[in-house]
Amino acid sequence: MMNDEIPNLDSFDEASLDAAFAALEAQARAAAAALDGEAAVEAFRLHWLGRKQGRLNEVSSRWLKSAPAEAKKLLGMRFNALKAAVEGLLEAAAGSGPSDAALAAEAIDITLPGTQRLTGAEHPITRTMNEIVSVFAALGYSVGVGPEVETDFYNFECMNFPPGHPARDTQDTLVVANQERRPQRDRLLLRTHTSPVQMRTMESHPPPVRIVIPGKVHRNEADDATHSSMFHQVEGLCVDTNITFSDLKGTLDHAMKALFGSSVKTRFFPSFFPFTEPSADVQISCIFCGGKGCRKCKNSGWIELLGCGMVDPAVFAFAAEKQSGYDPKKISGFAFGMGVERIAMMKYGVGDIGQFFGGDMRFLSQFA
Ligand code: 2U9
């Protein structure tokens, strides 16, 4: 394609011009038919239409300039026709796109099934925890979070579990190793309840306080169908002047009705926790049989669901070391705590707590 020089023209009559231009157009068509790929198309363009060394430029300078005046018009017309033909060939070649081989190489099978993107959903424990929190948020409670790795002081000592006290045995604890050189109150452990966050809240905020703390806790327990060494709690704290046990009963009765339905009843039994005095266990009327008695409630008509009590003055005394407003002679308060898994198991009819943490999509997708 590159070495064919434009010959000189001897005669400029119409027949000679037609023959000379037809020969050039035939060459251009043959070259265009063999074009394959972008680089070849560009080479064709330069060879024929290039401003300085293109063949048409050469035709123009060799033939037009040497033509006698009376042949120039016809020659110009033939030249323009050839140029249009070459440009048409170029356009067709450029628009023809990649070769069949290139297309075949990158072909995809559009009949294959696509990758299915599953829609995410809230985990049933997160959902239950959020439901509990919103019941209290609607009563004006704020929401707090805090560290899962705590000191012995915040998890136990300030909650009225002194070092060596037998009450510590009720919350068998996972501790961080190699802490022996530290004073006991500074030793680190995995929190066994979210109560330390309430103490930290009191230390940084004067009364009144109304707060709920959702979060993960850990206890050194053997896993079985209803126990897990890691579980979730929502604890609450209300401190103000003249807070009474009636306020506690009214608040929790309302919360249980909001969570389980307005026909649910509550009853309170004396209990013991180091951090509350008096303390109570709360039962709700059985949500499965409506209180008549069934296998789920062991025929009692009642199910034990949470614990509560009036905050012990000894706990307020720890808060008062940093915030004098927590003087137990001036204020009072109630607190409560509930296990999220237990509530989720009841609400959704789950028989094995391990299902929540096994990551089995057959279980989890039921909540999507
Ligand atoms: C402060 C003072 C008092 C939080 C409370 C309970 C009663 C309780 C259990 C329920 C099931 C834990 O998850 S569970 O095992 N909790 O019974 N928790 S009163 O009392 C507080 C908290 C913070 C400053």
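The values are calculated or read from the model by the stated rules, or taken from the named source; none is laboratory data. Only a predicted model underlies this, so the values are computations on that prediction, with no experimental measurement involved. No Cβ is skipped: glycine too gets one built from the backbone with ideal geometry, and neighbour counts run over all protein chains shown. Surface areas here come from the heavy atoms of the whole protein model, side chains and all, with no ligands, DNA or RNA. Shrake-Rupley method; radii C 1.70, N 1.55, O 1.52, S 1.80 Å.
Each part gets one Cα centre, and for region 173-219 versus region 12-75 those centres are 90 Å apart.
With all protein chains in place and a 1.4 Å probe, the accessible surface of region 18-93 carries 56 percent carbon and sulfur.
Measure nothing fancy, just the Cα-based angle from helix 38-49's long axis to the longest principal axis of the chain, in degrees from 0 to 90, nearest 10. Its long axis makes an angle of about 30 degrees.
Evaluated at q = 0.11, 0.13, 0.17 Å⁻¹, the base-10 log of the normalised Debye intensity for region 234-318, with identical point scatterers placed on the Cα atoms, takes the values -0.34, -0.46, -0.73. Quick one: check the C-alpha center-to-center distance for region 328-344 versus region 345-363, whole angstrom. Value for the Cα centre distance between the two parts: 26 Å.
Along region 317-324 the Karplus relation, 6.51 cos²θ - 1.76 cosθ + 1.60 evaluated at θ = phi - 60°, assigns HN-Hα couplings of 4, 5, 5, 5, 4, 10, 9, 5 Hz to successive residues, with x for each Gly and Pro.
Residues whose amide H comes within less than 5 Å of that of TRP302, counting only those at least five positions distant or on another chain, are CYS286 (H built at 1.01 Å from N in the peptide plane). The angle separating the long axis of helix 14-33 from the principal Cα axis of greatest extent in the chain is about 30 degrees. Taking every C-alpha pair closer than 8 Å and separated by at least 6 residues, the mean separation divided by the residue count of the chain gives a relative contact order of 14 percent.
Judged by the mean number of other Cβ atoms found within 10 Å, the most tightly packed of the peptides 230-237, 176-183 leads the ranking 230-237, 176-183. R0 = 22 Å: FRET efficiency of ALA107 with ALA43, Cβ-based, nearest 0.05? Computed FRET efficiency for ALA107 and ALA43 comes out at 0.20.
Report the FRET efficiency, 1/(1 + (r/R0)^6), for GLU87 and GLN116, where r is their Cβ-Cβ distance and R0 is 51 Å, rounded to 0.05. Step by step, r from the Cβ atoms, then E = 0.50.
For region 207-323, lysine pairs with C-alpha atoms less than 20 angstrom apart, excluding pairs fewer than eight positions apart on the same chain, total 8.
Could you work out how far apart the two model spin labels at VAL145 and GLU131 are, taking each label as a point 7 Å from the Cα in the direction of the beta carbon, and quote it in nm? Label-label distance for VAL145 and GLU131, simple model: 2.1 nm. Ligands, DNA and RNA are left out, and with a 1.4 angstrom probe the accessible area of region 210-368 is 48 Å² per residue. Convex hull volume of the Cα atoms of region 163-259, normalised per residue: 153 Å³. With distances taken between every two different alpha-carbon atoms, region 39-105 has a Kirkwood hydrodynamic radius of 13.6 Å. Think of a 1.4 Å ball rolled over the protein heavy atoms: region 111-180 then has 59 Å² of accessible area per residue.
In straight-distance terms, cross-link reach from LYS52 covers every one of the lysines whose alpha-carbon lies under 25 Å from its own, apart from those fewer than eight places away in the same chain; here that gives LYS65, LYS72, LYS73, LYS83.
For the pair LYS347 and ASP186, label points projected 7 Å from Cα toward Cβ lie 4.2 nm apart. Residue-wise HN-Hα couplings along region 205-221, as the Karplus relation 6.51 cos²θ - 1.76 cosθ + 1.60 with θ = phi - 60° gives them from phi, are 10, x, x, x, 9, 9, 8, 10, 10, x, x, 8, 9, 9, 9, 7, 10 Hz; Gly and Pro carry x. Counting every pair of alpha carbons in the chain, the share spaced more than 27 Å apart comes to 64 percent. Only protein atoms count toward the accessible area here, which uses a 1.4 Å probe; on region 246-309, the carbon and sulfur part of that area reaches 51 percent. Extension gain, PHE357-ASN178: 0.36 nm per intervening residue step, less the Cα-Cα distance, totals 61.5 nm.
Working note: Karplus 6.51/-1.76/1.60 with θ = phi - 60° gives region 85-95 the couplings 5, 5, 4, x, 4, 5, 4, 5, 5, 5, x Hz, where Gly and Pro are set to x.
Each peptide in 361-367, 42-48 receives the mean, over its residues, of other Cβ atoms within 10 Å, and ordering these scores from highest gives 42-48, 361-367.
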